[in-house]
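Worksheet: one structure, shown below.
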Amino acid sequence: MALVSSILEKFNFISSSLNNFFRDKLEIKGFPKMKNDRWKYTKTIDIFSSNQERESFDLKANLPISKLGSYDFRYLDDSFAFLSLSLVKDIDFIKMKDEKLILGNSLLKGAYFKALVIEVEGRCNIIEKFTSTEETMFFPLTYIILKRGSSLSYTKLQEHSGSVVDNTLLTLEEGSRLEMVTFSRGSRVLRNNLKVLQKTNSESTINGIYSVDKGHLDNFLRVEHLDRSRSKQKYKGIVEKGRVSFAGSIFIDRSAPGTESHQLNKTILLDDEGEMNSKPELEILNDDVKCSHGATIGSINEEQLFYLMSRGVTRNEAKLMLINGFLNDLLDKNNREEVLACFKR
Amino acid sequence: MILKIDNLIAETEDKKILDGINLSLERGEVHAIMGPNGSGKSTLSKVIAGHPEYIAKGSMSMEVDLKKRDLTSYSPDERAQLGVFLSFQHPVELPGVSNFTFLKAIFNSHLKKKGAPEMDALEFREHITPLLEELEIDDKFLERFVNQDFSGGEKKRNEALQMLLLKPKLVLLDEIDSGLDIDSLALVSKVVNSLRGETSFLIVTHYNRILDYVKPDFVHILIDGKIVKSGDHKLAEEVEKRGYNWL
Ligand SMILES: Nc1ncnc2c1ncn2[C@@H]1O[C@H](COP(=O)(O)OP(=O)(O)O)[C@@H](O)[C@H]1O
Ligand SMILES: [Mg+2]
C-alpha cells in the first residue's frame, strides 16, 4: 500500500470524483505482488524505477476527440488501468462510424497517464503507433467498444524503449467482429494487458508479432467468452536477446455453449541469450466447446538455412527469408512492409 | 580440372563417414558415384557443397576462371557463387516462403554478387517462364510454398528448375532419379544432357536408372566411405547385373 500512495502523491493527484473512485479501487487492489502468477515476469518495482516528472500530452488523432462520453468501466480489473484513471484529468472519447482512425504520438519523454474510450460502429479501422524514449513511463488505457454488428481492424504498433504497461480492453457486442494485430519490439519494460470480452456470435482474430533483441516484453492476453462466440489467437515472434513471455488465458462461461477458441504461440529463439516463456491458461465452465492451444519454442532450422545458402543466399538473408516465412500467415499487405523493415534494422 | 578432391575424410562427432576419397573431374565431364545405401554418397555431395554438420579433412579445390580455389575455405553460399550446385536427395521444405520468392531470391543473389542489377518480380517472371516450360512445370507451382506438399517428382523437378536457373559450373545430383516418374526422369535427363559440355556433373545414385539416359564418362563405386573401383559406363552395367557384393 505504501507504494500506491507514494506513486499517487509523486504524480500529483488531482482528485475529481472519477479519480477518487479509481484511487479507492487501486488502494484496495494494490500493485501486483511478487508472488502474483500473472505478473511473474514483470515486476512492479522495475516499472517505477526511473525517476520521471509527470507530463501530459495531447493524443494525435485524425478524428475529433471529445471529453464527453459514456463509460462503463465495470470490466476493468487491472491495477495500472486504475492508476491511469486515478491520475488523468480527462478521459478522451472518440466515436467512429465507417471510418479510419490513426492514433499516435511523437516520441514520449516523461511520465504519462492516458485514458481513451473508442466507440466503433459499422466497419472501422484503427492504426495506433506509440513510441517512447528509454526514460519514459507510459500507462495508456484504451477501451474499445464494438457496437452490435460492427467490425474493426485494429493494428497496434509498439516501438517503445521505456517502461510501459498498456491496458487494452475490447468488448465485442452481439455479432461484431474484431481483427487485431499487435507488433511489439522489446523495451525496458513492456507489459501488454489485452482483454477481450465476447458477446453472442461475436468473432475475434487476435494476432501478435514480436521481434525482440533487447529488453523485456510480457504479453498477457485474456479472452472471455460470455456467450456463444468464436476467437482465434496467434502470437509469433523472434527473440534474439531479452526476456519475453506470453500468457494466453481463455475463459468460457457456463452461458456460452457452442463457443470455439483456438490459441497458438510460436517463437524462434535466435540466440542463447534470449529467453522465452509461454503459458496457456484455460478456464472452461462448459462441456460444449471447441478449444485448442499450443506453444512451441525452437531455433532457426539449420537444414533450411543450408538449403538456401547452397543456392547462393547469404546466411543473414537466408535467416530473414525464413523469418518472413515463419511470420507469413500473420502478415498482410497492410503491415508486411512495416514489420519486415523492423527485422532488417 | 574443375574439381579435385584428395584424401577427403568426413566425420561427424562420433563417426567417420568418408574415409580418404580421391576424385578428379575435368570440365564438362559426367561422373557417376554408385554405392549401396549408407555408403556415404549423400555425405560426399553435401561435404562438397559445404554442409556445416561434417568435419572435413583433406583437400578439395575447384577451378574457377582459370584460378584454383580451395573450396574448404568457402561457406556454402560462397561455393554456390563459385558455381557449385547441389540437387538434394531430400529437398528441404520452406513453409511460408513461396516458390516464386525463393527462386527470385536465389537468382538475384547471383546477380548481386556479379554487380548486375537485380530483377524485379515482373522481369523475373518473364525470365523464369521459358524454364518452367522446358521442365513442363505449371505456373501455379510458383505460388506454393517451397517443396511443401510437393510430390517426390515435383520436388526433383523443382531442383532441376533451380539448376537451369542458376547455370552452375559443377552440379552434384544426389539421387535425382529416386521418386521420379518416367516422364519426369526423361525431362530432367534432357536438361542434364543439354547442359553437358559446359557444366560438369557428379551424379550420385544407388541404381542406374538415370544412367540409361545420361551416359557417364566415368563410374566410381563407393562402399563404406571409400572408392573401391572406378571405370567407364560399363561398370554401371556390371553393378546392375551383379550388385555390390563382388566388389
Ligand atoms: N549428420 C550425420 N550424423 C551422423 N551420421 C550420419 C550423418 N550423415 C550421415 N550419417 C551416416 O553416414 C552414413 C552414410 O550416410 P549417407 O551419406 O547418407 O549415405 P548414402 O547417401 O550413401 O545412402 C550412414 O550410416 C549415415 O547414417
Ligand atoms: Mg543418400
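The values are calculated or read from the model by the stated rules, or taken from the named source; none is laboratory data. Keep in mind the model is a prediction, meaning the values are calculated, not measured. For neighbour counting, all protein chains shown are included, and Cβ atoms are generated from backbone atoms with ideal geometry for every residue, glycine included. The protein model used for the area step is the full one, side chains on, heavy atoms only, and it has no ligands, DNA or RNA in it. Shrake-Rupley method; radii C 1.70, N 1.55, O 1.52, S 1.80 Å.
Between A:Arg123 and A:Glu283, the FRET efficiency from the beta-carbon distance, with R0 = 45 Å, is close to 0.90. Label sites at B:Glu134 and B:Lys68, each approximated as a point 7 angstrom past Cα along Cα to Cβ, lie 3.3 nm apart.
Per residue, the average separation of C-alpha pairs within less than 8 Å and at least 6 apart gives chain A a relative contact order of 10 percent.
Of the peptides A:3-9, A:90-96, how do they stack up when ordered by the mean number of other Cβ atoms within 10 Å, highest first?
A:90-96, A:3-9
Could you work out how far helix B:99-114 tilts from the main Cα principal axis of chain B, as a 0 to 90 degree angle to the nearest 10? The answer is roughly 80 degrees.
Restricting attention to the protein assembly as shown, close to 15% of DSSP beta bridges with both partner residues there are antiparallel.
Only protein atoms count toward the accessible area here, which uses a 1.4 Å probe; on the protein assembly as shown, the carbon and sulfur part of that area reaches 48 percent.
Convex hull volume of the Cα atoms of the range A:168-230, normalised per residue: 58 Å³.
In chain A, the DSSP-assigned H stretches of four residues or longer account for a calculated mean residue ellipticity at 222 nm of -5500 deg cm²/dmol, using -39500 (n - 2.57) per stretch and the full residue count as denominator. Per residue of chain B, the DSSP helices (runs of n ≥ 4 H) give a summed -39500 (n - 2.57) that works out to -10500 deg cm²/dmol at 222 nm.
Taking the inverse of the average 1/r across all pairs of different Cα atoms in chain B, what Kirkwood radius in Å do you get? Taking the inverse mean of 1/r over all distinct Cα pairs, chain B comes out at 18.6 Å.
Extension gain for B:Glu237-B:Lys113 works out to 40.4 nm (0.36 nm per residue, less the C-alpha to C-alpha distance). The residues of chain B have, on average, 45 Å² of accessible surface per residue, using a 1.4 Å probe with all protein chains present. Between the helical axis of B:233-242 and the longest alpha-carbon principal axis of chain B there is an angle of about 70 degrees.
Compactness of the range B:93-149 was expressed as the Cα radius of gyration divided by 2.2 N^0.38 Å, which yields 1.15. Axis of helix A:17-29 versus longest Cα principal axis of chain A: the two differ by about 60°, to the nearest ten degrees.
Over the protein assembly as shown, with a single point scatterer placed on each C-alpha, what log10 of the ratio I(q)/I(0) does the Debye formula yield at q = 0.05, 0.08 1/Å? Log10 of I(q)/I(0), two decimals: -0.32, -0.69.
With the simple model of a label 7 Å out from the Cα in the direction of the Cβ, B:Asp181 to A:Asp46 spans 5.7 nm.
The H on the amide N of A:Leu197, modeled in the peptide plane, is under 5 Å from the matching H of A:Leu170, A:Thr171, A:Leu172, A:Glu224, each at least 5 residues off or on a different chain. Peptide A:56-67 has a mean shielding of 0, counted as Cβ atoms of other protein chains within 10 Å of each residue's Cβ.
Bridges between two residues of chain A, per DSSP, are antiparallel at a rate of about 5%. When B and A come together, around 1900 square angstrom of accessible surface is lost from both chains combined, probe 1.4 Å.
Using alpha carbon coordinates only, what is the Rg to Rh ratio of chain A, with Rh defined as the Kirkwood radius?
Value, to two decimals: 0.97.
What the Cβ-Cβ distance of A:Glu53 and A:Arg254 gives, at R0 = 56 Å and to the nearest 0.05, is a FRET efficiency of 0.70. Once backbone amide H atoms are built at 1.01 Å from N, A:Asn277 has A:Val244, A:Ser245, A:Phe246 as its partners under 5 Å, excluding neighbours fewer than 5 places away on the same chain. Here the calculated FRET efficiency for A:Lys241 and B:Asp149, from their Cβ-Cβ distance with R0 = 30 Å, stands at 0.25, rounded to the nearest 0.05. Phi angles across the range A:122-133 convert, under the Karplus curve 6.51 cos²θ - 1.76 cosθ + 1.60 with θ = phi - 60°, into 3J(HN,Hα) values of x, 10, 10, 9, 10, 10, 10, 9, 10, 10, 8, 7 Hz, Gly and Pro given as x. Using equal-weight Cα scatterers in the Debye expression, the normalised intensity of the range A:220-345 in log10 at q = 0.09, 0.17, 0.22 Å⁻¹ is -0.35, -0.93, -1.22. Residue by residue along B:90-101, Cβ atoms of other protein chains within 10 Å of the local Cβ number 5 on average.
Contact-buried residues of the range A:259-307, at a threshold of 20 Å² lost accessible area versus the chain by itself: A:Glu303, A:Gln304, A:Phe306, A:Tyr307 (1.4 Å probe; DNA, RNA and ligands ignored). Take each peptide in A:189-200, A:294-305, count the other Cβ atoms within 10 Å of every residue, and average; sorted highest first, the result is A:189-200, A:294-305. Mean per-residue shielding of peptide B:107-113 is 3, counting Cβ atoms of other chains within 10 Å of each Cβ. Computed about the Cα centre, the dipole magnitude for the protein assembly as shown is approximately 1140 debye when only Lys and Arg (+1) and Asp and Glu (-1) carry charge, each at its Cβ. Full extension of the chain between A:Leu3 and A:Glu273 gives 94.0 nm of extra length, using 0.36 nm per residue less the Cα-Cα distance. Packing-based ranking of B:158-171, A:274-287 yields B:158-171, A:274-287, ordered from highest to lowest mean Cβ neighbour count within 10 Å. Name the residues of the range B:61-76, by number, that are at least 10 Å² less accessible with every protein chain in place than in the isolated chain; the surface is that of heavy atoms, probe 1.4 Å, without ligands or nucleic acids. Buried by 10 Å² or more upon assembly, which counts only protein chains, are B:Pro76.
With a cut-off of 12 Å between beta carbons, the residues surrounding B:Asp6 carry a summed charge of +1, where Lys and Arg count +1 and Asp and Glu -1. Protein heavy-atom accessible surface, 1.4 Å probe, per residue over chain A: 43 Å².
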